[in-house]
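Report on the following structure.
What follows draws every value from the coordinates through simple rules; no lab data is involved. What you see is a predicted model; the values in this text were computed from it and never measured. When we count neighbours, we look across all protein chains shown, and the Cβ atoms used for this are built from the backbone with ideal geometry, even at glycine.
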Amino acid sequence: MKLTYREAMRDAMREAMHKDPRVFLMGEDVGAYGGCYAVSKGLMAELGPERIRDTPLSESGFVGAGIGAALIGMRPIVEVMTVNFSLLALDQIVNNAATLRHMSGGQLSVPLVVRMATGAGRQLAAQHSHSLEGWYAHVPGIKVVAPATVADARWMLWTALEDPDPVVIFEHVGLYNRAEEIPEGGGPVDITRAAVRRAGKDVTLVTYGGSLHKSLEAAEVLAGQGVACEVIDLRSLRPLDLATIIGSVERTRRAVVVDEGWRTGSLAAEIMASIAERAFWSLDAPLARVCTAEVPIPYPKHLEDAALPQVAGIVEAVRQVVAHG
Amino acid sequence: VKDLGRDDGLRLLQEMVRIRRFEERCGELYQQEKIRGFLHLYIGQEAIAVGVMDALLPEDDVLATYREHGHALARGLDMGEVMAEMYGKMQGSSRGRGGSMHIFDVDKRFFGGNAIVGGHLPLAVGMGLAHAMRGERAVTVCFFGEGAMAEGEFHEAMNLAALWRCPVIFACENNLYAMGTALGRSEAQTTLIAKAPGYNVPAISVDGMDLLAVRRAAKAAVQAVREGGGPFLLELKTYRFRAHSMFDAQLYREKSEVEAWKEKDPIPRYFAELKAAGHADDEVLAAIEEAVQREVEAAVAFAEAGSWEPVTDLLRFVTTEPGDAEVA
């Protein structure tokens, strides 16, 4: 079955709502408009305005309402248009969703799913293009996932809805039109395990979300040059599947992290530190990373391209790492 | 007082005295360093928690602020567990993880103890939305201070609750100071209920030092909301007699102002009403005081005898553990 990433997310939501009366979707323009990125197109006509609930422009208000509904037994899916807008709801996510279980001594749970678009590449400039996954991954009490393939887009929501704790799903805007063949039937994705998307013996590429496909492309280029890359798709950004990463690095003895977040204080930094802590003596070369340049995302295409991790940059970083020793 | 009857009348008096004496004891325990962190006393505002809570049913939800000891006790939480929470002991209502500002009890549908000003208002909307979507008759009451009205979340929550006709009562305790900032120095519109028509929300303003007026207004609001009328804003005008927290030198208000408000103390005022109705006399009050003192001392003893959570459990309650139940 060939689906786009967008259709996969939509099918996942439709299925969840048919399966479980507690599930509903709310967010800005998810109903009558069909979703800013058309993910929920057609769902309101099928499921009604109660369950495909348009909200006013009140990120803090409706994310908080999702938390409240989740606290007493509903299974809300809250869509936030972009990660940049989610900052208006950061208080709710960090101060409430992530803390209520703990502050109440384990009495409460917040089975909430927050979906948001992330990332650059569509010339949307500095208030619609950022990658702040690493901020969310910093916070204990929430889980953070980034489906990078159509199959994961189709099946990861199920996992998220089954989770009794808040899960934030990051959907890279560059992926929505991506079409892939996926097998019929399926079930919840095991988000506790990172996926090895390409096996290789020379160097480990650790990545997630929109950067996965650039990394795979780079791996293909490098294969032509005699360098065999192992490409790991993290899938879950919190918690991290360090066992898979470390296991791979112990075999390849080299690692490059590809992360669309800014370099400073990035998820890439956390992964590199973890590798250094756990696999230092296995390394044959310094760790490397390819991140976004330290600049708000610019509008013109040539500057946006220059700011983001690109295939050529990944290839170059890998070649330098491989050149060591 | 007359239609309340003697038993209910005295019960409400005892509820207010319980809160007052409990908190006075907390203040002492803070000086003795038994209670640490922030401690925000509710003294002076007791009529509100007691009056509103008396209008609710067990299936209703209550959310409160970080000044919530009074609400917790009035909602029926065990005084010993609340005190143990102040101590940070495992026997506390939140196993000690929350402290004074984060008291929770799902059996009583008491959802905190929320210490981000305004942050719990959207939660109340969501709880109301859940009740509405499931066709339940429960209402959600959300207490907050007038300081929260300056937060965007107040305005977002009012709009959402009205738009979706959520059964939520926004109970604003206007004690005139947002921490140390006087109402007139933080709000352009100091007639607080004037904000409600902008959201199509009915609102009334009540003397929060008058227990019976609070109870009457709360019952009317609860009935309107329970019958599907959408949200309601109650403004309860009150005053906190003590400092904002234990670190507050109260440079922002005159002693004479505090003294003038103490003349309106809700407890003696209500006691006088009971007396006039023939429901109480000094002997009855003394008996109540004695019973409350016993309860408070038992709570202190319970907290003292409590145990500290082992450090090996540090990482618990971050995510769900096997066997955890869910609230419906």
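Some notes on this structure:
- Centre separation in Å (Cα based) which lies between the range A:277-323 and the range A:7-72: 36
- The tail of the calculated P(r) for the protein assembly as shown beyond 34 Å holds 50 percent of all Cα-Cα pairs.
- Peptide B:156-165 - average C-beta neighbours from other chains (10 Å radius): 4
- Calculated FRET efficiency for the pair residue B:165/residue B:321, C-beta based, R₀ 41 Å, to 0.05: 0.65
- Each Lys or Arg adds one and each Asp or Glu takes one away; over the other residues whose Cβ falls under 13 Å from the Cβ of residue A:154, this sums to -3.
- Between the range B:251-316 and the range B:153-172, the Cα center-to-center distance that results, in Å: 32
- Listing B:79, B:149 from fewest to most neighbouring C-beta atoms within 10 Å gives B:79, B:149.
- For A:315, A:63, the sequence from fewest to most other C-beta atoms within 10 Å is A:315, A:63.
- Principal-axis tilt of helix A:267-279 within chain A, Cα atoms, nearest 10 degrees: 50
- Shielding value for B:110-119 is 4, the average number of Cβ atoms from other chains within 10 Å of each residue's Cβ.
- For the range A:1-135, alpha-carbon Rg over 2.2 N^0.38 Å: 1.06
- Divide the volume of the convex hull around the Cα atoms of the range B:86-198 by the residue count and you get 108 Å³ per residue.
- Cα pair distances exceeding 35 angstrom across chain B, given as percent: 19
- Of the DSSP H helices in chain B, those that are both long (alpha-carbon extent of 30 Å or more along the helix axis) and hydrophobic (Kyte-Doolittle mean at least 0.0) are B:282-305.
- Considering only Cα atoms, the convex hull volume of chain A works out to 128 Å³ per residue.
- Size check on the range A:170-325: the Cα extents along the three principal axes, sorted descending, read 42, 41, 33 Å.
- Across the options B:277, B:266, B:328, the greatest Cα extent toward the positive end of the charge dipole of the range B:243-328 (unit charges at beta carbon of Lys, Arg, Asp, Glu) belongs to B:266.
- The base-10 log of I(q)/I(0) for the range B:174-264, evaluated at q = 0.12, 0.13, 0.15 Å⁻¹, reads -0.48, -0.55, -0.70 [Debye formula, identical scatterers on Cα atoms, solvent excluded].
- Ordering B:64-76, B:193-205, B:118-130 by mean Cβ neighbour count within 10 Å, with the highest value first, yields B:118-130, B:64-76, B:193-205.
- Most to least packed among A:190-197, A:247-254 [average Cβ atoms within 10 Å]: A:247-254, A:190-197
- Taking label positions 7 Å along the Cα-Cβ direction at both residue B:107 and residue A:50, the computed distance is 3.3 nm, reported to one decimal.
- Extension gain (nm, one decimal) between residue B:308 and residue B:226, 0.36 nm per residue minus Cα-Cα: 25.3 nm
- Peptide A:87-97 shows a mean partner chain C-beta count of 3 within 10 Å per residue C-beta.
- Angle between chain A longest axis and helix A:311-323 axis [Cα atoms, degrees, rounded to 10]: 40
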